[in-house]
1. Any chance you could count how many residues in the stretch 279-335 are farther than 25 Å from T169 by Cβ, among the small types (G, A, S) and buried (at least 17 other Cβ atoms within 10 Å of the Cβ)?
2. Return yes when L5 is of a type outside the set (K, R) and surrounded by fewer than 21 Cβ atoms within 10 Å (Cβ to Cβ) and no when it is not.
3. Tell me which residues, restricted to the stretch 160-174, are modelled with pLDDT under 95 and within 16 Å of the ligand (Cβ to nearest atom).
4. I'm checking my understanding of the structure. Among residues of the stretch 8-56 that are surrounded by 18 or more Cβ atoms within 10 Å (Cβ to Cβ) and polar (S, T, N, Q), which one is farthest from W341 (Cα to Cα)?
5. Are any residues in the stretch 112-132 more than 18 Å from G190 (Cβ to Cβ), of a type in the set (A, V, I, L, M, F, W, C) and either within 8 Å of the ligand (Cβ to nearest atom) or modelled with pLDDT under 95 (or both), and if so, which ones?
6. Take the conditions assigned to a helix (DSSP H, G or I), at pLDDT 95 or above, within 16 Å of the ligand (Cβ to nearest atom) and not hydroxyl-bearing (S, T, Y) and apply them to I98. Does it pass?
7. Read through the list (1) surrounded by fewer than 20 Cβ atoms within 10 Å (Cβ to Cβ); (2) in a helix (DSSP H, G or I), then give the number of the only condition that G190 fails.
8. Looking for whichever is of a type in the set (F, W, Y), in contact with a strand residue (DSSP E or B) (Cβ under 9 Å, 6 or more places away or on another chain) and not in a strand (DSSP E or B) here; the options are Y134, Y126. Which one fits?
Amino acid sequence: MKKFLITGGAGFIGSTIVEKLLKLRHKVIIIDNFNNFYDYNKKIQNILESTNNCKNKEFFSNFLSKDEKITKLKKICDSDNFILEYSDIRNTEEMDRIFSKHEIDLVFNAAAMAGVRPSLIEPTLYEEVNIRGYMNILELCKKYEIKKFVQASSSSVYGNNKEVPFKETDIVDFAISPYAATKKSGEVIGHVYHKLYGIDMVQLRFFTVYGPKQRPDLAIHKFTKMILEEKEIPFYGDGTTSRDYTYIDDIIDGILKSINYLFKNEKVYEIFNLGGSHVVSLKKMVEAIETTLGKKAILNKQPIQPGDVEKTYADITKAKKILGYNPTTNFEDGIRKFIEWYKNTI
Ligand SMILES: NC(=O)c1ccc[n+]([C@@H]2O[C@H](COP(=O)([O-])OP(=O)(O)OC[C@H]3O[C@@H](n4cnc5c(N)ncnc54)[C@H](O)[C@@H]3O)[C@@H](O)[C@H]2O)c1
């Protein structure tokens, strides 16, 4: 049994890896501040599901405050193998208190202000959490001699890279959003902690992750909801912008393989693309949702948004070769599984 600290463990990717690690009988400590980037009740639901407590509907009572709900959540979910720390990674003292009381073999830092467009509105908040908060965690890994670290980076570091598919060796100096800039900085800072303090580190560049529990601000989730509610969906550009969509189970497999790689090897600093390695245009994505729902979308055509890249497309040769990463979910199946989950949850 290994002991993991997962920051952002109540979020989409964090809570899914927590569920997997608990099933594999590891011990997991999570840190999350349940911020309001999207409805925090969804994050409570994530934790209930990950810890196999999903029958507890009482959390959605409007009579409880957010703090009361999370205190209750902790009472129900905490066990020998799972501990919830309701805290903010920017809070240095709190972080030290948490690190001092838990034994930790590996940290997965998934806590972040995610999302490209909102980062144009609050760039300094993105810097505070994604850089300052992340550095707090790294400083504590240094202090408490935790030598294994996985960082959630992003395909957004490639900016509007012209060469496709994107390779880890491509130059990533041309970010086009504050969010992307924080993720690129995170890679550089991670390298410093590896070199100076011997922290073995894997930086994972996730390519648009989707599937059950997906963030409600992301297009597939948002569009599904709006099509079902017969609302107009914002359709940016002419529909040719495209994304390498990656199904959550494939991402989880990539994270687990990275964790195993870190435990088996010393002196590691690696960056890996984790993508699905096939590209779907915005137009095709909307069509796939329409087909699965059996319902037409009402499109509200708008110009392409600042900060949005035209295309993402992962070259996953490196992750395949070194980690044995092998995404298997095709887009239509992934959409079907997402919609199945969506209909059961709402
Ligand atoms: N979902 C994707 O497609 C995608 C793509 C590329 C990279 N990523 C990265 O993966 C990670 C997880 O993304 P996600 O989609 O699960 O997002 P998410 O928003 O669902 O999860 C992030 C979690 O971090 C928590 N958090 C935010 N600020 C915090 C703070 N200051 N202290 C403590 N907790 C805090 C949030 O409450 C949330 O639960 C992020 O680092 C994101 O940038 C995600």
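1. Selection size over the stretch 279-335: 3.
2. Numbers: of a type outside the set (K, R): yes; surrounded by fewer than 21 Cβ atoms within 10 Å (Cβ to Cβ): no.
No; evaluated as a whole, the condition is false for this residue.
3. N161
4. Ranking the qualifying residues of the stretch 8-56, first place goes to N33.
5. Within the stretch 112-132, just V116 meets the criteria.
6. Details: assigned to a helix (DSSP H, G or I): yes; at pLDDT 95 or above: yes; within 16 Å of the ligand (Cβ to nearest atom): yes; not hydroxyl-bearing (S, T, Y): yes.
The answer is yes for I98.
7. Condition not satisfied by G190: (1).
8. Result of the check over Y134, Y126: Y134.
The values are calculated or read from the model by the stated rules, or taken from the named source; none is laboratory data. Since this is a predicted model, take the numbers as computed values, not measurements. Reconstructed Cβ throughout: ideal geometry from the backbone, glycine too, with neighbour counts over all protein chains shown.
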